[in-house]
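Peer 1: Let me give you the structure first, and then I'll get to my questions.
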Amino acid sequence: MPNKEAVVLIIDANDSMATEVTVSPLSSPLSSPNTRFDCAKEVSIAIISDLIVRSKTNEATVVVLHTETTNNHFFEEGDDDDDNNDSYCKDNARIRCPFPNITEISGNGEVMGIRQPLPDLLRNIQQLKPTATNVGCGDNRRGGSQRSRCTKGDFESGLVYAADALHRRTAGKKI
C-alpha cells in the first residue's frame with residue numbers, strides 16, 4: 001500500500017450538468033432534487049475529505065471544465081481569456097494557453113498544482129456553479145461539427161491537462 005497518493009479530480013461545469021437527477025429517498029437525506037453538478041461536487045468533497053483524513057501526505061487538485069475564465073498552470077498572467085487566444089487561432093498565431101476555459105483549484109483553493117488538500121479547497125468546490133451557457137460558442141448552437149469545434153475546456157482537454165498535472169508532480173519520484 002502506498003504511503004502517499006496524488007489524485008486529480010475532474011468536474012464538468014457545462015450547462016448540461018445543471019440537469020436534475022432523481023435521487024432515491026433512501027440514498028440521500030436531501031428533500032430537494034440534486035443536479036448532476038451537485039452530485040459531482042458531493043463526490044469530490046467526499047473523496048478529498050477521505051484523502052485529508054487518511055494521511056497528511058496525500059495530495060489532490062481539482063480540474064474544472066467549461067469554466068467562464070481560464071486559471072491553470074499554462075495560463076500566463078496578462079493572457080486575454082477571449083476568442084482571439086483559443087487553441088485554434090484563425091491565423092495560426094502563437095498559442096498562449098492550450099487549455100482555455102479550464103480552471104484548476106488545489107491546496108488552499110489557488111492554482112498550485114497537486115498539493116496537500118486544505119479546508120479552503122473543500123469550500124471552493126462547494127461554491128462552484130455550472131456555466132450558464134456553452135462557453136466558447138458565440139451562437140450557442142446545439143449539435144453538429146460547429147459545436148464540437150468551438151467548445152472550449154472540453155473533456156478530452158481536461159484529461160490531457162490532468163495527466164500533465166500528474167506527470168509534473170510525480171515525474172522522477174518513486175511510485
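Peer 1: Which ones in region 143-175 are part of a helix (DSSP H, G or I), modelled with pLDDT of 70 or more and closer than 18 Å to residue 97 by Cα?
Peer 2: Quick first cut of region 143-175, residues part of a helix (DSSP H, G or I) only: 144-150, 155-170.
So of that shortlist, the ones also modelled with pLDDT of 70 or more come out as 155-170.
Correct list: 155, 156, 157, 158, 159, 160, 161, 162, 163, 164, 165, 168.
Peer 1: Could you list, in sequence order, all residues of region 18-45 that are assigned to a loop (DSSP other than H, G, I, E, B) and either surrounded by 11 or more Cβ atoms within 10 Å (Cβ to Cβ) or at pLDDT 65 or above (or both)? Full working, then the answer.
Peer 2: Of the residues in region 18-45, the ones assigned to a loop (DSSP other than H, G, I, E, B) are 19, 22-33.
If the condition is that a residue be assigned to a loop (DSSP other than H, G, I, E, B) and either surrounded by 11 or more Cβ atoms within 10 Å (Cβ to Cβ) or at pLDDT 65 or above (or both), then 19, 22, 23, 28, 30, 33 are the ones that fit.
Peer 1: Taking region 1-17 on its own, how many of its residues are exposed (fewer than 15 other Cβ atoms within 10 Å of the Cβ) and outside any loop (DSSP other than H, G, I, E, B)?
Peer 2: The number of residues fulfilling the criteria is 1.
Peer 1: Would you confirm whether any residue within region 57-73 is part of a loop (DSSP other than H, G, I, E, B), in contact with a Lys or Arg (Cβ under 6 Å, 6 or more places away or on another chain), surrounded by fewer than 23 Cβ atoms within 10 Å (Cβ to Cβ) and modelled with pLDDT under 75? Please lay out each step first, then the result.
Peer 2: First pass over region 57-73, keeping only residues part of a loop (DSSP other than H, G, I, E, B): 57-58, 66-70, 72-73.
From what's left, in contact with a Lys or Arg (Cβ under 6 Å, 6 or more places away or on another chain): 57.
Still in the list and also surrounded by fewer than 23 Cβ atoms within 10 Å (Cβ to Cβ): 57.
Then keep just the ones that are modelled with pLDDT under 75; that gives none.
The answer is no, given that none of the residues of region 57-73 is part of a loop (DSSP other than H, G, I, E, B), in contact with a Lys or Arg (Cβ under 6 Å, 6 or more places away or on another chain), surrounded by fewer than 23 Cβ atoms within 10 Å (Cβ to Cβ) and modelled with pLDDT under 75.
Peer 1: Next up: Working only within region 35-60, note down all residues that are in contact with a helix residue (DSSP H, G or I) (Cβ under 9 Å, 6 or more places away or on another chain) and within 24 Å of residue 170 (Cα to Cα).
Peer 2: 44, 45, 48, 49, 52, 58, 59, 60
Peer 1: Which one is farthest from residue 10 (Cα to Cα) among residues in region 96-119 that are among the aliphatic types (A, V, I, L, M) and crowded, with 20+ Cβ neighbours inside 10 Å? So that I can check it myself, show each step before the final result.
Peer 2: First, pick out the residues of region 96-119 that are among the aliphatic types (A, V, I, L, M): 102, 105, 111-112, 114, 118.
If we keep only those that are crowded, with 20+ Cβ neighbours inside 10 Å as well, we get 102, 105, 114.
Working: 102: 10, 105: 11, 114: 13 Å.
Among those residues, the one meeting the criterion is 114.
Peer 1: Give me the residue from region 120-142 that is modelled with pLDDT of 80 or more and in a loop (DSSP other than H, G, I, E, B) and, out of that set, surrounded by the fewest Cβ atoms within 10 Å (Cβ to Cβ). Steps first, answer last, please.
Peer 2: Taking region 120-142 first, the residues modelled with pLDDT of 80 or more are 120-131.
Filter once more, keeping what is in a loop (DSSP other than H, G, I, E, B): 128-131.
Values: 128: 18, 129: 12, 130: 22, 131: 22.
So the residue we want is 129.
The values are calculated or read from the model by the stated rules, or taken from the named source; none is laboratory data. Model, not experiment: these values are computed from the prediction. Note: ideal-geometry Cβ built from the backbone for every residue, glycine included; neighbour counts use all protein chains shown.
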